[in-house]
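Please treat every number below as a calculation from the coordinates, not as lab data. These numbers come from a predicted model, not from an experiment. A quick note on method: Cβ atoms are made from the backbone with ideal geometry, for glycine too, and the neighbour counts reach across all protein chains shown.
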């Protein structure tokens with residue numbers, strides 16, 4: 001059984017802690033990250049200035065923050 005590989009192709013910050021994310025399968029999801037911004041790696045992202053510094057990592061096809069936080073595209077897609 002083959003599992004699809006999901007890649008993030010673009011994203012936009014659309015609100016506080018919220019991104020609209022486009023995937024390589026032509027789907028788009030609006031994701032509110034606030035409920036998961038806990039723990040040592042994600043807690044700093046509760047500062048909107050830090051959260052909004054999100055960038056697309058073209059090699060990994062996902063986005064990352066300057067502190068090294070990131071997310072798995074498949075988890076975000078599903």
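Only helical DSSP H runs with n ≥ 4 go in: add -39500 (n - 2.57) per run for the chain, normalise by residue count and round the 222 nm mean residue ellipticity to 500 deg cm²/dmol.
Roughly -2500 deg cm²/dmol at 222 nm, from the helical runs in the chain.
Just subtract the alpha-carbon distance of residue 59 and residue 47 from 0.36 nm times their residue separation and send over the number in nm, one decimal.
Value of the extension gain: 1.7 nm.
Provide 61, 71 in ascending order of the number of other Cβ atoms located within 10 Å of each residue's Cβ, fewest first.
61, 71
Distance in nm between label sites at residue 22 and residue 38, each 7 Å beyond Cα in the beta-carbon direction?
So the two model labels end up 3.4 nm from each other.
For the chain, what number results from the quotient of the Cα radius of gyration and 2.2 N^0.38 Å?
Its radius of gyration relative to the 2.2 N^0.38 Å reference: 1.07.
If you rank 38, 3 by fewest surrounding Cβ atoms within 10 Å, what's the result?
The order, fewest Cβ neighbours first, is 3, 38.
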